[in-house]
Amino acid sequence: MSETIQELMNVICDRRDHPREGSYTSSLFQAGPAKILKKVGEEAAEVVVAGALEGKERLIYESADLIYHLLVLLASQGLSWEDIETELRRRFK
C-alpha cells in the first residue's frame, strides 16, 4: 500500500472515531452514508469531465478528490484500502 494512502486512511479513520469540530472529514461522517455516497458520485462525474475536457492537471486534481472520498466511503463501511488491493490482486490470478 502506498504510504500516502495509508497515512490518509489513518487520518480519515481518526476523524471517524474521534470527530473534530471544523473537520470536513468529520462532517462527512456526521452527515451519514447518503452524503458520503453523493460526494463519491459527484467526484466521479468530475473525473469523467476532467478526463474528457479539462486536461491532465485537472484530471489529477479531480482523481485525488475522488480517491479521498472513496476512502471516506470505505472507512464508513468498515473497509480498508487493503480490501481493494486484495480484490485487485485476486483479479490478476
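Numbers below:
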{"read-out": "From Lys93, Lys56, Lys35, residue being of a type in the set (D, E, K, R), in contact with a Leu (Cβ under 8 Å, 6 or more places away or on another chain) and over 21 Å from Gln6 (Cα atoms)", "value": "Lys35"}
{"read-out": "Residues located in the stretch 6-50, provided they are farther than 16 Å from Gly78 by Cα, within 14 Å of the chain's Cα centre (by Cα) and of a type in the set (Val, Ile, Thr)", "value": "Val40, Val47"}
{"read-out": "In the stretch 42-54, residue surrounded by the fewest Cβ atoms within 10 Å (Cβ to Cβ) [restricted to those that are at pLDDT 95 or above and among the charged types (D, E, K, R)]", "value": "Glu42"}
{"read-out": "Selection status of Ser2, among the polar types (S, T, N, Q) and either at positive phi or within 11 Å of the chain's Cα centre (by Cα) (or both)", "value": "no"}
{"read-out": "Candidate set from the stretch 1-41 (those that are in a helix (DSSP H, G or I), without any contact (Cβ under 8 Å) to a residue 24 or more places away in the chain and basic (Lys, Arg)); member that is surrounded by the most Cβ atoms within 10 Å (Cβ to Cβ)", "value": "Arg15"}
{"read-out": "In the stretch 73-93, the residues that are surrounded by 13 or more Cβ atoms within 10 Å (Cβ to Cβ) and of a type in the set (A, V, I, L, M)", "value": "Leu73, Leu74, Ala75, Ile84"}
{"read-out": "In the stretch 55-72, residue surrounded by the fewest Cβ atoms within 10 Å (Cβ to Cβ) [restricted to those that are charged (D, E, K, R) and in contact with a helix residue (DSSP H, G or I) (Cβ under 8 Å, 6 or more places away or on another chain)]", "value": "Arg58"}
{"read-out": "Gly51 vs. criteria outside any helix (DSSP H, G or I) and of a type outside the set (Asp, Glu)", "value": "no"}
{"read-out": "Residue match in the stretch 54-62 (condition: under 13 Å from the mean Cα position of the chain (by Cα) and under 18 Å from Ile12 (Cβ atoms))", "value": "no"}
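The values are calculated or read from the model by the stated rules, or taken from the named source; none is laboratory data. Since this is a predicted model, take the numbers as computed values, not measurements. All Cβ positions, glycine included, derive from the backbone under ideal geometry; neighbour counts span all protein chains shown.
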